[in-house]
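J.: Would you mind keeping the following structure in view while I ask a few things?
The values are calculated or read from the model by the stated rules, or taken from the named source; none is laboratory data. What you see is a predicted model; the values in this text were computed from it and never measured. When we count neighbours, we look across all protein chains shown, and the Cβ atoms used for this are built from the backbone with ideal geometry, even at glycine. For accessibility, only protein heavy atoms count, side chains too; no ligands or nucleic acids. Shrake-Rupley method; radii C 1.70, N 1.55, O 1.52, S 1.80 Å.
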Amino acid sequence: MSNQNRIYKGGRIDRDQAINFKFNGKEYIGYQGDTLASALLANDVHLIGRSFKYHRPRGILTSGSEEPNALVQLGLGARTEPNMRATEIEIYEGLEASSQNCWPSVNFDIGSINNFLSRVFPAGFYYKTFMWPPSLWLFYEHFIRKAAGLGVAPTAKNPDRYEQKFHYCDILVVGAGASGLMSALAAGRSGCDVLLIDEKHEPGGYLRNISAKIDNLNSNDWTNEILKELESYENVTILNRTAVMGYYDYNYLTALQKVTNHLPYLSDKMPRERYWRIRAKKVILAQGAFERPLVFSGNDRPGIMLASAARTYLNQFGVLPGKSVILFTNNDHAYGTAIDFANKGAKVTIVDNREDIPSELSDRCNKVKIKIYPSHSIINTQGYQKVKKVEIQKVDQDNNELTGSLREIECDLVLMSGGWNPSVQLFSQSRGKLEYHSKLNSFIPKDLIKNQKVVGCNNGDFNLLEVLKNSYQAGLDFATELGKSANKSLEIETAFEDLEFTEAKVEPYMIGKKKVTHGSKHFVDFQHDVTAADIFLAQREGYISVEHTKRYTTTGMGTDQGKTSNVNALALMSHIHDKPVDNIGHTTFRPPYSPQTIGAIAGRNVDHLFDPERKTAIHQWHVDNGAEFEDVGQWKRPHYFPQKNENIHDAVNRECRAVRNSLGILDASTLGKIDLQGPDVAKFLNLIYTNAWSKLEIGSCRYGLMCNEHGMVFDDGVTTRISENRYHMTTTTGGAARVMSWLEEFLQTEWLDMEVFCTSVTEQWTVLSISGPNSREFLSSLTDIDISKEAFPFMKMKEGKVCGIDARIFRISFTGELSFEINVPSRYGLFVWNEFMKHGKKYDITPYGTESMHVLRAEKGFIIVGQDTDGSVTPKDINMDWIVSKKKEDFLGKRSFSRSDTRRTDRKQLVGLLVNDKKTVLPEGSYVVDEAKPRPPMDMIGHVSSSYYSPTCDHPIALALIKNGLNRMGDVVKIPLMSGKVIDATITDSIFYDKEGARNNE
Amino acid sequence: MFVIKCPYCGERDQTEFSCHGEAHIARPENPETLTDEEWGEYLFIRSNKKGIHYERWTHDHGCRRWFNVMRDTVSDEILATYKMGEEKPKS
């Protein structure tokens, strides 16, 4: 039989539009307007999944985003999503969903053995059991991970598109229930730019589910009237199916809009979800409240749900989830649900733990044949896959003990209501302070932040007429603050809810047959299977801070973030410590409000749009000629250029030999370049670099080291004086932006009187570095500049034509060979490169990549900042004291060189390392020790910073930072490798080739 | 996320800016004359205030200018922004 729990009329579903869907492989029919939860309940399916830890059968507890139990795996293949709340999924034709956390099936789940072993799985079980010995954790973890977890993540790439939207508005209203609609109406009528957001598929909130009358209209019709007016305003935007996820400083909020999740097919034109980033001048929170479960033994069985949820299924979806109903409550409001159910033909029994039931209530219950048991409590429930019986007994409230005889009542549905908790999550995220309300026994907003209001149940106000009026007024007040006003006041005369919520005690737990402290099944947090006993245990073991209790028991840490459990857990702690809840405090709410997809946060910033790629003017040539690339920051740099069948070593050896023997060419365009102009540049450089700059002549280049104020090397490069007041600075590729900021910082914050202007020109110049003994002969045929040895010495710069293009040639070298760096405007870069390749054939011109560049410079002992230095290295440590001026009075970092620590002579210093076996290339980063032991710890005296096989020397070479290294030339040290092997190496000078520098001056 | 009023460009989103810690710590005129302790004070010691705090920010993805911000570290309210070299506003 299909839809056996569906009533014939009523609700907001369309019975003419049947929808076919599958749950656990079985076909069902629902109707347009159903959620998966309502459609399953209509088909009398109560068992939805298994719980996290004990694998207990679980059903549907709520009807909204607070659902802890009814989590399903939704969809198939690459689009499958785990942990989706059945209470929020709108069904569509062909929907497929399945239970989670069960094997082989939800009806027979092997893991449920944990339920019987629960005495050995208390809170903190994993911490206590599997953490010792530490070395076995990896072994345990494998099995724990397999056993734990809920749904399954998709393995294929998500094919959907996600969008982002920035939105600015006058007033953002969160929640479109009774209060939110009123605030939006007032603001809308005033002409404010309003954004109204609601997480359900249609606005109205609780007004859709209750028996309320507003000015002679029932609440449903009244809501439709208000919506019609709101929709007529161009200045009002209403977003359904949208949940506000984060509330950050200065009224910046994020929201996730489910655009097409409720449709069977995703069109290419529409995104799946849209992530809103909203900046609102004013925010009105109107999120309503969540009903509080009661904590009694066996309160988690399928067929046990919140009273308000059941009422929603009945009135909004036309589903009677049970015909023999027990309502367990402590407040008047829940009686409304009981009466609704009785009116629809259900047999209803009320178990109320209060002694005095207002006579008005008992009279009304009598009329519809509802039996009430006052002063009674459910002390246990029965039924494995669905509740079938409750055990009730009279409770002596004063002595907190059971009296009278035990009574069993058969049933197919148990409703519970322990009062209402305002939904303060977003308010709390915004840094609003909460206070404990003694009548509601829950937390309500206390201190508002600027430009924020909280209205309705969200603020702890439950009287409908008051809520409507106050919420409208809140909208008006904000409009006035924004300089706008409404021409209409609120005309509502009467509004009343059949039975309104006024107060409820908070119930730490309901006494049961079993002592609550030991293994009883009083569930506080349904999703994480945290019982009252676990909370007791945590207190006994000393986790008495609320934050500690949370983490030790994991209460409130599920995907629902404790929306139904937090207040009950606090009440229990308050009971145990005999302290008011105020003094227990509460945990911190953090974004997101409910689970959200990473895809939406990423939006379109995926794949090649994730991070910008920077390419030089020569890039396409590199691609066409088979370069393997390396990422250097955002730059794509050729790593090496393999020819047929060459591996990286073959290619690098060939490239290096070409440079040493004939002619190599490197695309060095990524080098940072900064144009410095102004009368004070030399003075400025004197303070920025460690060496002296005052006497640098026009057309001369100088190498410089930059230190930070701690005296540590932070960048290096060559700076050239182009003209009287103009300098060209180069930096490391990775450090370009950092250096630019560094210069700007000092010019703008310390030396405001200096006239220096910095402009980044990295992208404006293409830099071709040609290197090798044939470079002069080669270049001389392509330029009008006299580049003879006499006319163009080392560290000079000349301007002229190269291949007919205006160029600057720098006579500098990073390989130790005779080299020229040719700078041409980027737009001519590829042309000049191609000319070079054409004319260089004669010399077998060889393009080389960053790997060869590294090898060549290491052979010469040239450092790379960031590789051979790590922010804790002074110029002296890298044996570059020669570049530190002793005469200059001041420069950045100078004072720190004489601090006691930097003055030490046994600091780690840069030296060369030669392996004694002449063949092992040490892994970079290897630790260096004096004495190798069979296993760590060992006393580390340094580490290998650069290491390569040197084709020029025909043996491996390495640079290392070693304690007191400069005074230990010739000493043999040990390098223990990950494999356990220990390599001996000898400390040497850091220059391995052409120590005299003769080749550069050919 | 803050809205910051750059003294040169006006109100912009925080993502365009970066913060550089406490303001009004001038680099000593003659570092060489300082004791290690005094130099260490300049390098390392910052006030970490609860309440009104003055700090340096840059409008990186805008005018690239440095300026100062007066912020309440408890509420994160920005009470004033002002140009480098200007007197700090009274709290």
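J.: Does A:I357 meet the test of being open to solvent by 10 Å² or more (accessible area, probe 1.4 Å), in a strand (DSSP E or B), aliphatic (A, V, I, L, M) and more than 18 Å from A:S308 (Cβ to Cβ)? Reasoning before the result, please.
T.: Details: open to solvent by 10 Å² or more (accessible area, probe 1.4 Å): yes; in a strand (DSSP E or B): no; aliphatic (A, V, I, L, M): yes; more than 18 Å from A:S308 (Cβ to Cβ): yes.
Criteria not met by A:I357.
J.: Hey, A:C192 hits all of (1) more than 17 Å from A:K469 (Cβ to Cβ); (2) free of Cβ contacts under 8 Å to residues at least 40 places away in the same chain but one; which does it fall short on?
T.: Result: A:C192 passes all but (2).
J.: Regarding the range A:550-560, can at least one residue be identified that is surrounded by fewer than 21 Cβ atoms within 10 Å (Cβ to Cβ), within 23 Å of the chain's Cα centre (by Cα), in a loop (DSSP other than H, G, I, E, B) and without any contact (Cβ under 8 Å) to a residue 60 or more places away in the chain?
T.: The answer is yes; a qualifying residue exists.
J.: Give the residues of the range A:520-542 that are farther than 26 Å from A:I60 by Cβ and either open to solvent by less than 20 Å² (accessible area, probe 1.4 Å) or touching a residue at least 12 places away in the same chain (Cβ under 8 Å) (or both), sorted by residue number. Working first, answer last.
T.: First, pick out the residues of the range A:520-542 that are farther than 26 Å from A:I60 by Cβ: A:536-542.
Listed by number, the residues that qualify are A:F536, A:L537, A:A538, A:Q539, A:E541.
J.: Can you name the number of the only condition in (1) touching a residue at least 60 places away in the same chain (Cβ under 8 Å); (2) buried (at least 17 other Cβ atoms within 10 Å of the Cβ); (3) touching a Gly at 6+ places or on another chain (Cβ under 6 Å) that A:V928 fails?
T.: Only one criterion is unmet by A:V928, namely (1).
J.: Residues B:H24, B:H53: which one is surrounded by 14 or more Cβ atoms within 10 Å (Cβ to Cβ), more than 8 Å from every other protein chain (Cβ to nearest Cβ) and under 13 Å from the mean Cα position of the chain (by Cα)?
T.: Among B:H24, B:H53, only B:H53 is surrounded by 14 or more Cβ atoms within 10 Å (Cβ to Cβ), more than 8 Å from every other protein chain (Cβ to nearest Cβ) and under 13 Å from the mean Cα position of the chain (by Cα).
J.: For the range A:863-894, which residues satisfy the criterion of being loosely packed, with under 15 Cβ neighbours inside 10 Å, within 14 Å of chain B (Cβ to nearest Cβ) and not in a loop (DSSP other than H, G, I, E, B)?
T.: none
J.: Take the range B:56-71 and flag every residue that is in contact with a helix residue (DSSP H, G or I) (Cβ under 6 Å, 6 or more places away or on another chain) and either at pLDDT below 95 or open to solvent by 50 Å² or more (accessible area, probe 1.4 Å) (or both).
T.: Listed by number, the list holds a single entry, B:H61.
J.: Now a separate question. Can you tell me which of A:I379, A:I339, A:I392, A:I372 is crowded, with 16+ Cβ neighbours inside 10 Å, modelled with pLDDT under 95 and not aromatic (F, W, Y)? Outline the logic, then answer.
T.: Values: A:I339 fails: modelled with pLDDT under 95; A:I392 fails: modelled with pLDDT under 95; A:I372 fails: modelled with pLDDT under 95.
None of the other options fit; the residue is A:I379.
J.: Right, another one. Could you list, in sequence order, all residues of the range B:22-57 that are within 21 Å of A:W742 (Cβ to Cβ) and in a strand (DSSP E or B)?
T.: Restricting attention to the range B:22-57, the residues satisfying the condition of being within 21 Å of A:W742 (Cβ to Cβ) are B:22-29, B:31, B:39, B:42-44, B:46, B:55-57.
Result: B:E22, B:E55, B:R56, B:W57.
Quick grid of which residues meet (1) open to solvent by 70 Å² or more (accessible area, probe 1.4 Å); (2) closer than 27 Å to A:L768 by Cα; (3) within 33 Å of the chain's Cα centre (by Cα):
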residue	(1), (2), (3)
A:G599	no, no, yes
A:G603	no, no, yes
A:W621	no, yes, no
A:A627	no, yes, no
A:L687	no, no, no
A:A692	no, no, no
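J.: Just to verify a result, which residue in the range B:1-21, among those that are assigned to a loop (DSSP other than H, G, I, E, B) and within 9 Å of another protein chain (Cβ to nearest Cβ), is surrounded by the fewest Cβ atoms within 10 Å (Cβ to Cβ)?
T.: Looking only at the range B:1-21, we keep the residues that are assigned to a loop (DSSP other than H, G, I, E, B), and these are B:1-2, B:7-9, B:17.
Adding the requirement that they be within 9 Å of another protein chain (Cβ to nearest Cβ) leaves B:1-2.
On the way: B:M1: 16, B:F2: 20.
Across the range B:1-21, the extreme among qualifying residues is B:M1.
J.: Looking at the range A:742-857, what strands (runs of 3 or more DSSP E) fall wholly within it and have at least 1 residues that are among the aromatic types (F, W, Y) and under 30 Å from B:R27 (Cα atoms)?
T.: Qualifying strands (runs of 3 or more DSSP E): A:757-760.
J.: For the range B:31-40, state whether one or more residues are in contact (Cβ under 8 Å) with a residue 12 or more places away in the chain and open to solvent by 80 Å² or more (accessible area, probe 1.4 Å). Let's see the steps before the verdict.
T.: Taking the range B:31-40 and keeping what is in contact (Cβ under 8 Å) with a residue 12 or more places away in the chain, we get none.
So far as the range B:31-40 goes, no, none of its residues is in contact (Cβ under 8 Å) with a residue 12 or more places away in the chain and open to solvent by 80 Å² or more (accessible area, probe 1.4 Å).
J.: Would the range B:29-48 turn up any residue that is within 9 Å of chain A (Cβ to nearest Cβ), aliphatic (A, V, I, L, M) and in contact with a helix residue (DSSP H, G or I) (Cβ under 6 Å, 6 or more places away or on another chain)?
T.: Scanning the range B:29-48, I find no residue that is within 9 Å of chain A (Cβ to nearest Cβ), aliphatic (A, V, I, L, M) and in contact with a helix residue (DSSP H, G or I) (Cβ under 6 Å, 6 or more places away or on another chain), so the answer is no.
J.: Hey, does the range A:662-670 have a residue that's under 36 Å from the mean Cα position of the chain (by Cα) and either in contact (Cβ under 8 Å) with a residue 12 or more places away in the chain or open to solvent by less than 70 Å² (accessible area, probe 1.4 Å) (or both)?
T.: Looking through the range A:662-670, at least one residue is under 36 Å from the mean Cα position of the chain (by Cα) and either in contact (Cβ under 8 Å) with a residue 12 or more places away in the chain or open to solvent by less than 70 Å² (accessible area, probe 1.4 Å) (or both).
J.: Just one of A:G711, A:G772, A:G734 is within 14 Å of chain B (Cβ to nearest Cβ) and in contact (Cβ under 8 Å) with a residue 12 or more places away in the chain; which is it?
T.: On the way: A:G772 fails: within 14 Å of chain B (Cβ to nearest Cβ); A:G734 fails: within 14 Å of chain B (Cβ to nearest Cβ).
Among A:G711, A:G772, A:G734, only A:G711 is within 14 Å of chain B (Cβ to nearest Cβ) and in contact (Cβ under 8 Å) with a residue 12 or more places away in the chain.
J.: Within the range A:743-756, track down each residue that is in contact (Cβ under 8 Å) with a residue 40 or more places away in the chain and either open to solvent by 30 Å² or more (accessible area, probe 1.4 Å) or within 14 Å of another protein chain (Cβ to nearest Cβ) (or both). Spell out how you get there, then give the answer.
T.: So in the range A:743-756, the residues in contact (Cβ under 8 Å) with a residue 40 or more places away in the chain come out as A:743, A:746-747, A:751, A:754-756.
Within the range A:743-756, A:L743, A:F746, A:L747, A:W751, A:M754, A:E755 qualify.
J.: If you don't mind, there's one more thing I want to ask. Sort out for me the strands (runs of 3 or more DSSP E) sitting completely within the range A:288-329 that have 1 or more residues that are within 12 Å of A:L61 (Cβ to Cβ) and open to solvent by 10 Å² or more (accessible area, probe 1.4 Å).
T.: Answer list for the range A:288-329: A:289-291.
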